[in-house]
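Participant: This is the structure I have questions about; it appears just below.
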Amino acid sequence: MAKARRRWMLEQGMFDPARLVFIDETAVTTKMVRLYGRSPRGVELIGRAPFGKWETITFVAALRHNKMAAPMVIEGAMNAEMFLAYVEQCLVPTLRRGDIVIMDNVNLHKGAGVREAIEKIGATLRYLPKYSCDLNPIEMAFGKFKAFLRKMAERTISRLRTAIRSFLPQISAKECANYFRHAGYAI
């Protein structure tokens, strides 16, 4: 594992950032609230987190050096079948010949047909070394995404979807480039 990480880090400088496309997914729930708050000294901070029934959706997207692309929201958890549908219907139409699609080294990303769908249009697929989320710049974008959703504190799936739509334009090209730079991909 350490050897694979070192090899990847040596190769990072050889990638053309304009060709890199990082893919990942994250779970979002209707019970997301801010984890911390502030109030004047001596004044009790009152917040509320729902208890009981809550629902989960999954947000999956691609991050390029200048934008977040190919977003998709699905009900429930991601599985290999849904991931293949995402790749074929959302991701592949945004890819160009010569792009390098990079994703986490998890089984659902290795499902039947994923590699074939990506390589059919002339792009290549690479998997990050295991336990290397620090080498995936989309993880930083997802940190901002989750903080935004906690601030919004939406309680229904439809309002959560609306909040997700309103978040996407907030990711600027400069911010994407900064995520790439921070993860070690020269811009």
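The numbers here are math on the coordinates, done by the rules we state, and not lab data. Computed from a predicted structure; not experimentally measured. Ideal geometry is used to build each Cβ from the backbone, glycine not excepted, and the neighbour counts take in all protein chains shown.
Participant: Below 8 Å between Cα atoms, with a sequence gap of 6+, how large is the relative contact order for the chain in percent? List each step's numbers first, then the result.
Facilitator: Details: 291 pairs, mean separation 54.6, N = 187.
Value for the chain: 29 percent.
Participant: What translational diffusion coefficient, in µm²/s and rounded to a whole number, does the Stokes-Einstein relation yield for the stretch 50-98 at 25 °C and a viscosity of 0.890 mPa s, taking the hydrodynamic radius as the Kirkwood radius over Cα pairs? Can you show the working numbers first?
Facilitator: Working: Rh = 12.4 Å.
Once the numbers are plugged in, D ends up at 198 µm²/s.
Participant: Arranged by the count of other C-beta atoms within 10 angstrom, fewest first, what order do Val28, Val92, Val43 take? Write out the running numbers ahead of the final one.
Facilitator: Values: Val28 22, Val92 16, Val43 8.
With the sparsest Cβ surroundings first, the list reads Val43, Val92, Val28.
Participant: Hey, another quick one. Given Leu91, Ile74, Ala4, which one lies farthest toward the positive end of the charge dipole of the stretch 2-95, if we put +1 on the Cβ of every Lys and Arg and -1 on the Cβ of every Asp and Glu?
Facilitator: Value computed over the given set: Ala4.
Participant: So, R0 is 22 Å and r is the distance between the beta-carbons of Thr124 and Ala27; what FRET efficiency does that work out to, to 0.05?
Facilitator: Details: r = 28 Å, r/R0 = 1.28.
For Thr124 and Ala27, the calculated efficiency is 0.20.
Participant: Taking only DSSP H segments of four or more residues, each worth -39500 (n - 2.57), what value at 222 nm results for the chain once the sum is divided by all its residues, to the nearest 500 deg cm²/dmol?
Facilitator: On the way: 6 runs with 60 residues, N = 187.
It lands at -9500 deg cm²/dmol.
Participant: Would you be so kind as to identify which of Ile57, Gly122, Cys176 lies farthest towards the positive end of the dipole of the stretch 49-187, taking Lys and Arg as +1 and Asp and Glu as -1 on Cβ and the Cα centre as origin?
Facilitator: Selected residue: Cys176.
Participant: If you average the alpha carbon positions of the stretch 27-86 and of the stretch 120-134, how far apart do those two centres end up, in angstrom?
Facilitator: Spelled out, the Cα-based centre of one part sits 24 Å from the other.
Participant: Per q in 0.11, 0.14, 0.22, 0.25 1/Å, what log10 I(q)/I(0) does a Debye calculation on the alpha-carbon atoms of the stretch 110-187 return?
Facilitator: -0.45, -0.70, -1.03, -1.06
Participant: Which one of Pro40, Pro169, Pro17 has the biggest mean-square fluctuation once the chain is modelled by GNM with Cα springs under 10 Å?
Facilitator: Highest fluctuation among the options: Pro40.
Participant: Can you sort Lys3, Lys130 from fewest to most other Cβ atoms within 10 Å of each residue's own Cβ? Intermediate results must be reported in sequence, preceding the final value.
Facilitator: Values: Lys3 8, Lys130 11.
Taking fewest neighbouring Cβ atoms as first place, the list is Lys3, Lys130.
Participant: Test of understanding: extend the Cα→C-beta vector of Glu81 to 7 Å, then name every residue of the stretch 113-143 with backbone N under 17 Å from that spot.
Facilitator: 113-114
Participant: Taking the Cα centre of the stretch 45-187 as the origin, how large is its charge dipole in debye, to the nearest 20, when only Lys and Arg (+1) and Asp and Glu (-1) carry charge on their Cβ atoms? Could you put the intermediate results ahead of the total?
Facilitator: Working: 21 positive and 12 negative charges, 102 e Å.
Roughly 500 debye for the stretch 45-187.
Participant: Another question, then. When the dipole is taken about the Cα centre of the stretch 67-147, and only Lys, Arg (+1) and Asp, Glu (-1) are charged at their Cβ, what size is it in debye, to the nearest 20?
Facilitator: Numbers: 10 positive and 9 negative charges, 51 e Å.
With Lys and Arg at +1 and Asp and Glu at -1, about 240 debye.
Participant: Among Arg150, Arg126, Arg41, which one shows the biggest mean-square fluctuation in a GNM of the chain, springs joining Cα atoms closer than 10 Å?
Facilitator: Arg41
Participant: Looking at the chain only, what percent of DSSP beta bridges run antiparallel? Nearest 5 please. Intermediate results must be reported in sequence, preceding the final value.
Facilitator: On the way: 14 of 22 bridges.
So the antiparallel bridges in the chain amount to around 65 percent.
Participant: Determine the dipole magnitude for the stretch 15-99: charges of +1 sit on the beta-carbon of Lys and Arg, -1 on that of Asp and Glu, nothing else is charged, the reference point is the Cα centre, and the result goes in debye to the nearest 20. Intermediate values should be presented prior to the final figure.
Facilitator: Working: 11 positive and 9 negative charges, 106 e Å.
The dipole of the stretch 15-99 has a size of about 520 debye.
Participant: Using only the alpha carbons of the chain, determine the length spanned along each of the three principal axes and report them from longest to shortest in whole angstroms.
Facilitator: 57, 35, 32
Participant: Still on this structure, I have one more. Kindly state, to the nearest 0.05, the FRET efficiency for His182 paired with Lys146, given R0 = 22 Å and r defined as their beta-carbon distance.
Facilitator: On the way: r = 17 Å, r/R0 = 0.78.
FRET efficiency, His182 to Lys146: 0.80.
Participant: Using only the Cα atoms of the stretch 119-162, build the gyration tensor, take square roots of its eigenvalues as a ≥ b ≥ c, and label the shape rounded, prolate or oblate: rounded if a/c is under 1.5, else prolate if a/b is larger than b/c, else oblate.
Facilitator: Values: a/c = 3.84, a/b = 1.83, b/c = 2.10.
Oblate, since a/c reaches 1.5 and b/c is not below a/b.
Participant: Another question, if that's okay. Among Trp8, Trp54, which comes first, second and so on when ranked by fewest other beta-carbon atoms within 10 Å? Could the numbers behind the result be given before it?
Facilitator: On the way: Trp8 17, Trp54 12.
If I rank by nearby Cβ atoms, fewest first, I get Trp54, Trp8.
Participant: List the residues whose amide H sits under 5 Å from the amide H of Asp99, counting only those 5 or more places along or on another chain, with H placed 1.01 Å from N in the peptide plane.
Facilitator: For Asp99, whose amide H was placed from the backbone, the distant partners under 5 Å are Thr124.
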